[in-house]
Amino acid sequence: MGLFSSDKPAEPSTPQPPNRSQRALCWEARDLYFGCLDKNNIIDPLKNEEEALKACGKESKRYEKDCAASWVKYFKQRRVMEKKKEEMINDLKKENAEKL
């Protein structure tokens, strides 16, 4: 050991954001998973986790493998929000609501 050396391993570098190909893999896995949820009429995979895993377990594993955990949670929450938004718009159209 030298005078200025250390036994400590180097600090881990900060995580790098996903590159373009990694993002594309994530989005593809997300789309496959959400397609499976749609086929099985599951809107909220966070609230209906057991049902979602039973119906779309293979797709879920790939989605969670190919995407950052924070992205998985965000996209699941966004899915619910988008579905509610679509539902409200459809309800307004049925009531012949006028655009402002």
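Bear in mind that the values in this text are calculations on the coordinates, not laboratory data. Remember, it's a predicted structure, so these values are computed and weren't measured experimentally. Don't worry about glycine lacking a Cβ; one is built from the backbone with ideal geometry, like all the others, and counts go over all protein chains shown.
Evaluated at q = 0.17, 0.27, 0.30 Å⁻¹, the base-10 log of the normalised Debye intensity for the stretch 44-100, with identical point scatterers placed on the Cα atoms, takes the values -0.65, -1.09, -1.20. Taking trypsin sites (Lys or Arg not before Pro) in DSSP loop states with no more than 16 other Cβ atoms inside 10 Å as exposed sites, the chain has its longest site-free stretch at 48-98. Bridging of Lys85 to lysines at a Cα separation below 30 Å is possible for Lys39, Lys47, Lys54, Lys58, Lys61, Lys65, Lys73, Lys76, Lys93, Lys94, Lys99, once same-chain residues fewer than 8 apart are set aside. Magnitude of the charge dipole for the chain, about its Cα centre and with charges confined to Cβ atoms of Lys, Arg (+1) and Asp, Glu (-1), is about 140 debye. Just round it to a whole percent: the fraction of Cα-Cα distances in the chain exceeding 20 Å. In whole percent, the long-distance tail amounts to 54. Largest GNM mean-square fluctuation across Ser13, Ser60, Ser21, computed for the chain with C-alpha springs under 10 Å, falls on Ser13. Per residue of the chain, the DSSP helices (runs of n ≥ 4 H) give a summed -39500 (n - 2.57) that works out to -22000 deg cm²/dmol at 222 nm.
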